[in-house]
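Each reported figure results from applying straightforward, stated rules to the coordinates on display, with no laboratory input. Quick caveat, the model's predicted, so the values are computed rather than measured. For neighbour counting, all protein chains shown are included, and Cβ atoms are generated from backbone atoms with ideal geometry for every residue, glycine included.
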Amino acid sequence: MNPDHNDPLRARAHQALREGMLDVQAPPVSDYEHALEELKLHQAELELQNEELKSTQRIAEAGKLRYQMLFDALTAPALVTDTNGLVQDANRAAVEALGFGNTTRIRQHSVLRLFSGAAFEEFSRLVRALNEGESRVLGHAWMARPDADPLPVEVQVTALRSGYHLDRHYLLLCRDISDTLERERQSQLLDSILHHSESAIYAFDTDERLLLANPVTRSLLNIDGDPIGRKRTELVPAASEAQYLKHDLKVMRTRKPLLLEESLVDNEGNSRHFISQKFPMLDQHGSIFAVGGVSTEVTAVKAMNARLDLAAHIFETGNEAIIVTDARQRIIMVNRCFTETTGYTEDEVLGQTPALLQSGRHDADFYREMFETLASRGVWEGEVWNRRKHGEIYPQWLRISRILDSRGELCNYVSISRDITERKRDEEHIHNLAFFDPLTGLPNRELIRDRARQLIAQADRHPEPFALCFLDLDEFKQVNDAFGHRQGDRLLVEIAARLRKELRDNDTVGRIGGDEFVLLLPGIHGENAPKRLQSLLKRLTRPVDLGTRRVSVSGSIGIAMFPEDGGQFDDLLRAADTAMYQAKHAGRNALRFFNPQMAERSRRRMDIEIGLDRALDNDEFELRYLPCYNLANGRLHGCEALLRWQHPELGPISPGEFIPIAEQSGRIVQIGQWVLEHALEQRRQWQDAVPGDYVIAVNMSAREFHEPAVVESMAAALERHRIAAPWLEIEITERTAMQDPDSAIRIMNELKQLGVRLSMDDFGTGYSSLAYLNAMPVDRLKMDLSFVAQIGHNPQGESICRFVVGLADMLGIDVVAEGIETRAQKDTLLAMGCEYGQGYLLDRPIDAANLLARLQAHSG
Ligand code: C2E
Ligand code: MG
Ligand code: MG
């Protein structure tokens, strides 16, 4: 066998033999030897080869061992699989992590079972795509663990060199990413907090540059673009900047968190309010690198608080008492007005129910209805009497409301009440004003009317007669005028008290006018009425002490019976009024039952009143003249104009009847002007026929006398008819003069200045005060004919006549006697010193022509 010198192995074998390095016998030179040589070489070759093999094997084993050590030393779990994912090898970390006792056990398990995650579902396809030595990360997966949750891992697959294996193997290196995931999760959490927080979250570094700002912060500051890194002065309205800086500096100085109120004032001056938590942010060396902040807006809360404060203030200071109870009506809150009104302190009522205040004035039904209304309508309102702590019962206007919570369930009752004691008092006062006479406290016309209506209505069921009496005080006006209104009022109060005393329970007495009283006497009838009323009249006339003086007044009573004299209040009142007039005519201090003739009279009165309206226009008046003579020498002194009226239907009506009616209706003023006009015209005609200083007297009623223009119009009339003022005498009755003496004196003086003469008519029938009489510039007193008529019959009357004559003499004025009908009267008067007289004995009232004849006769 020829050594192939090209064969390196053979070359090395030769070398080894030559150097005796190999224990191979030197081959013989013969063929055998050659063969042997060849054999030896071959053997050397084999041995060399074997040697090399062993060395390679040693190297390989060392490599494998190294690989295994490395593999096991890896802290990350590592696995070797085939293309199908069957585990061929696994390091210790993997074996442990996956919960296998040793490597052998894990072999042939599929990674598809050991791992979950999308990448493993197509493991084979993914790995096949890898070239030898190439790696790829399979993404997140979860490694199953026997006693714990799957471990999140990132798996890197590397395609291994095939070596002598037919199938390719893959190294799966797992990296535990639970920390990363946790960090990611934390960061997401923070992000989400920052994002979703309704508070502004932000941080500024020590250089006042923005480090962090969540969306709320950005929107609050109206930031466009990326603000991070910008200075606070650029981001925050100037009005607020200093405040924030101050707070940040404080946090930096104290190194402590701060909780404070801040506000954000925009450029228009609108403020928004925040509660801010500021805190230092420290780096790893403990140095502050920023100040963080969380600011929560409380603008609305603040506004609400302000409203609540206001509500609390109103609650506390309002002047209505407020009680708040829970659903079970236990008091949970009361205000100051409540404690003041009821006298209870808050402590005394908390936990109690409002029943504590009940007065006992309302029955169970009242409260039941109250709660029924509350339940159905939610509120109840009305008047309730409650009791204060010290026992006083008082009225209140109460409003209770039921309060429901957001779920519609009853949670509270609120009761608001106002003490209406005062209002009640006012109402009562107003009621009294409307129905009672303020002076005497007696019922007024309205209340009397109401009571009468009740009696009339009752009579429908049980017919029962009653009397309605009209009482008018006699001469009250004179008392009033003489002593003043205050004394008049005192008298009325006393009379009212007396009347009240006389009455029985069911009777009513009221005052319907100045000195007019009405009595309602149920159960009385025609027989027993006079007795009771007479005794009442008697009591009335007892003197009344007015402090400085005692006066006594009488009364005239007219009685109307229900139902005979009228079925309605107004009819009865009219009938009683008529009867009362009759009582007055009968001489006062008297009683009169109404009778139909009286009604007749009152109708006549109405006819007269209506007739007077057209009497002037229809020229129905005429004047007659009653001569006045000097009693001593029989000379005609003058005459008195007396009015005559011819009513077209009723015939002649005396002035005694129609003058008072004209006076009441006010017609008298016009009528008086007519009289004056015609009297002066007549006087002028007589003067033209019989010149002289004789006097024409004209009667003047109170109404005319007090007319404002009375003096002027008289002056004008005198002028018009060219009558010298002293030719005219104005007669004013004593009553008229004494009604309002001060103003009477004033008017009389004015008339006197005009130059006319004045006489006081019907003297003796009024209440003259001497002082006034003395001050009145009258020229004559006309003694009333009622006294003259008594001459020869009644010595008392006669002495009055004497007194009047004496009085006139004392005052230095003339006296005229009226109504002289007999010679005896004339002689007596003349003997008394009475200078002038009028009367049927001397002359009747005559017409103008007849008077002219008298004048002519006397002038001759
Ligand atoms: P007087 O002013 O006191 O007038 C006297 C009244 O007595 C007149 O009644 C007269 O006719 C009447 N008389 C005169 N002599 C006698 C007599 O001897 N016996 C009786 N029994 N009566 C006599 P007359 O005319 O009916 O007037 C009544 C009253 O009416 C007057 O009382 C006067 O107050 C008033 N009067 C009359 N005319 C007027 C007038 O023009 N204006 C005003 N305001 N009142 C007048
Ligand atoms: Mg007269
Ligand atoms: Mg007279």
Problem set entry | Dipole magnitude of the stretch 494-581, debye to nearest 20 (Cβ charges: Lys/Arg +1, Asp/Glu -1, about Cα centre) | 660 debye
For this session: Could you bin all the Cα-Cα distances of the stretch 739-784 into 5 Å bins starting at 0 and give me the percent of pairs in each, rounded to whole numbers?
Result: 6, 22, 32, 28, 11, 2
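Under 14 Å from the Cβ of D507, count the other residues' Cβ atoms, weight Lys and Arg +1, Asp and Glu -1, and hand me the total. Provide the component values of the computation, followed by the final result.
Numbers: positive: R451, R498, R500, K501, R504, R532; negative: E464, E502, D505.
Neighbour charge sum, excluding D507 itself: +3.
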Exercise. Taking θ as phi - 60°, what are the ³J(HN,Hα) couplings along the stretch 577-592 by the Karplus curve (6.51, -1.76, 1.60), each to the nearest whole Hz, with x for Gly and Pro?
Worked result: 4, 4, 5, 4, 4, 5, 4, 5, 4, 6, x, 6, 6, 9, 10, 9
Seminar exercise, completed: The lysines whose Cα lies under 18 Å from the Cα of K64, excluding any fewer than 8 residues away in the same chain, are K54
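What is the Cα convex hull volume of the stretch 421-460 when expressed per residue in Å³?
68 Å³
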For this session: With a point put 7 Å past each Cα toward its Cβ, work out how far T345 is from R113 in nm, to one decimal.
Result: 8.4 nm
For this session: Report, largest value first, the span of the C-alpha coordinates of the stretch 149-302 along each principal axis, in whole Å.
Result: 85, 33, 31
Exercise. What fraction, in whole percent, of alpha-carbon pairs in the stretch 384-523 exceed 24 Å separation?
Worked result: 56 percent
Exercise. Applying the Karplus parametrisation 6.51 cos²θ - 1.76 cosθ + 1.60 with θ = phi - 60° to the phi angles of the stretch 653-669, what ³J(HN,Hα) value in whole Hz is obtained for each residue in order, glycine and proline being reported as x?
Worked result: 10, 6, x, x, 8, 8, 4, x, 5, 5, 5, 5, 7, x, 4, 4, 5
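Given the stretch 721-816, what whole percent of its Cα pairs are spread farther than 20 Å? Kindly include the intermediate steps, with their values, before the conclusion.
Details: 1658 of 4560 pairs.
Summing the P(r) tail past 20 Å for the stretch 721-816 gives 36 percent.
Considering every pair of different Cα atoms, what Kirkwood radius, in Å, is found for the stretch 441-524?
Working: mean 1/r = 0.0726 Å⁻¹.
Averaging 1/r across every pair of different Cα atoms and inverting gives 13.8 Å.
Please compute one quarter of the surface area of the Cα convex hull for the chain and express it in square nanometres.
Working: hull surface 334.7 nm².
Reported value for the Cα convex hull: 83.7 nm².
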Exercise. So what's the net charge close to E729: Lys and Arg +1, Asp and Glu -1, counting the other residues with Cβ under 13 Å from its Cβ?
Worked result: -1
Exercise. What net charge is computed for the residues neighbouring D607, neighbours being all others with C-beta under 15 Å from the C-beta of D607, Lys and Arg scored +1, Asp and Glu -1?
Worked result: 0
Seminar exercise, completed: Kirkwood Rh over alpha-carbon pairs of the stretch 78-227 plugged into Stokes-Einstein at 25 °C, 0.890 mPa s gives a D in µm²/s of 133 µm²/s
Exercise. Counting other Cβ atoms within 10 Å, which GluC sites (Glu not before Pro) in the stretch 622-694 have at most 15 and lie in a DSSP loop?
Worked result: E649
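Expressed as a fraction of 2.2 N^0.38 Å, the rule-of-thumb size for a compact globular protein of N residues, what is the C-alpha radius of gyration of the stretch 78-139? Can you show the working numbers first?
Details: Rg = 11.7 Å, N = 62, 2.2 N^0.38 = 10.6 Å.
For the stretch 78-139, the normalised Cα radius of gyration is 1.11.
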Seminar exercise, completed: Sorting V157, Q670, F594 by the position of each Cα along the dipole of the chain (Lys, Arg +1; Asp, Glu -1; all at Cβ), the one nearest the positive end of that ordering is F594
Exercise. What list of ³J(HN,Hα) couplings, whole Hz, do you get for the stretch 613-629 from phi and the Karplus terms 6.51, -1.76, 1.60, once you set θ to phi - 60° and write x for glycine and proline?
Worked result: 4, 10, 4, 5, 4, 8, 6, 8, 8, 8, 10, 10, 10, 9, x, 10, 10
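With +1 on each Lys and Arg Cβ and -1 on each Asp and Glu Cβ, and nothing else charged, work out how big the dipole of the chain is about its Cα centre, in Debye to the nearest 20. Could you put the intermediate results ahead of the total?
Values: 100 positive and 129 negative charges, 464 e Å.
Computed about the Cα centre, the dipole is about 2220 debye.
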Seminar exercise, completed: Sorted largest first, the Cα spans of the stretch 232-361 on the principal axes come out in Å as 80, 38, 23
Problem set entry | Label point distance in nm, S401-L190, each placed 7 Å from Cα along Cα→Cβ | 5.1 nm
Exercise. Given the convex hull over the Cα atoms of the stretch 651-717, what projected area results after averaging over all orientations, in nm²?
Worked result: 5.7 nm²
Seminar exercise, completed: Here the residues of the stretch 518-540 lying in the modelled label zone of D505, meaning backbone nitrogen under 17 Å from a point 7 Å along Cα-to-Cβ, are 521-524
Exercise. Put +1 on the Cβ of every Lys and Arg and -1 on every Asp and Glu Cβ in the chain; which of L220, F289, L616 then has its Cα farthest towards the positive end of the dipole?
Worked result: L616
For this session: Once you have all Cα-Cα distances for the stretch 546-673, histogram them in 10 Å bins from zero and send the whole-percent values.
Result: 11, 28, 25, 23, 11, 2, 0
For this session: Go through K501/K584; K477/K782; K477/K752; K477/K501 and tell me which ones have a Cα-Cα distance over 31 Å in this structure.
Result: none
Exercise. Going 7 Å from the Cα of D607 toward and past its Cβ, which residues in the stretch 619-654 have a backbone nitrogen under 15 Å from where you end up?
Worked result: 646-654
For this session: Can you pull a Stokes-Einstein diffusion coefficient for the stretch 325-440 at 25 °C (0.890 mPa s), Rh from Kirkwood over Cα pairs, as a whole number of µm²/s?
Result: 155 µm²/s
Exercise. If each of S55 and D450 carries a label point 7 Å out from its Cα toward its Cβ, how far apart are those two points in nm?
Worked result: 14.6 nm
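Grab the eigenvalues of the alpha-carbon gyration tensor for the stretch 106-194, scale each by 5, take roots, and send me the semi-axes largest first in whole angstrom.
On the way: eigenvalues 186, 47, 21 Å².
The answer is 31, 15, 10 Å, longest axis first.
Determine by what factor the alpha-carbon radius of gyration of the stretch 765-851 differs from 2.2 N^0.38 Å, reporting the quotient. Show your work: numbers first, answer last.
On the way: Rg = 13.5 Å, N = 87, 2.2 N^0.38 = 12.0 Å.
The reported ratio for this selection is 1.13.
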Exercise. When we measure straight from the Cα of K250, which aspartates and glutamates land under 18 angstrom away, once same-chain ones fewer than 8 places off are left out?
Worked result: D205, D207, E208, E241, E261, E262
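Stretch H431-S769 to full length: gain in nm at 0.36 nm per residue minus the Cα-Cα span? Kindly include the intermediate steps, with their values, before the conclusion.
Working: separation 338, 0.36 × 338 = 121.68 nm, distance 4.24 nm.
Length gained, H431 through S769: 117.4 nm.
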Seminar exercise, completed: A student asked for the Cα radius of gyration and Dmax of the stretch 623-738 in angstrom ought to give 14.9, 44
Exercise. Which angle between 0 and 90 degrees, to the nearest 10, do you get for helix 795-811 versus the longest principal axis of the chain when only C-alpha atoms count?
Worked result: 80 degrees
Seminar exercise, completed: In this structure, the FRET efficiency calculated for K538 and D571 from their beta-carbon separation, with R0 = 25 Å, to the nearest 0.05, is 0.25
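Filter the GluC sites (Glu not before Pro) in the stretch 364-466 down to the DSSP loop ones having no more than 10 other Cβ atoms within 10 Å, then list what survives.
Working: sites: E369, E372, E381, E383, E392, E409, E422, E427, E428, E446; in loops: E392, E409.
Hits after loop and neighbour filter: E409.
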Seminar exercise, completed: Residue span A716 to A11: 0.36 nm per residue of separation minus Cα-Cα distance leaves a gain in nm of 234.9 nm
Exercise. In a Debye calculation with equal point scatterers on the alpha-carbon sites of the stretch 370-426 and no solvent, what is log10 I(q)/I(0) at q = 0.18, 0.22, 0.26 Å⁻¹?
Worked result: -0.68, -0.85, -1.00
Exercise. Under 17 Å from the Cα of K256, which lysines turn up, not counting those fewer than eight places away in the same chain?
Worked result: K246, K278
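At a Förster radius of 60 Å, what calculated FRET efficiency corresponds to the Cβ-Cβ distance of S665 and R361, to the nearest 0.05? Don't skip to the end; give the middle numbers.
On the way: r = 55 Å, r/R0 = 0.91.
Efficiency at R0 = 60 Å is approximately 0.65.
Only Lys, Arg, Asp and Glu count, each charged at its Cβ (+1, +1, -1, -1), so figure out the dipole size of the stretch 425-573 about its Cα centre, rounded to 20 debye. Please list the in-between numbers first.
Working: 21 positive and 25 negative charges, 146 e Å.
I would put it at about 700 debye.
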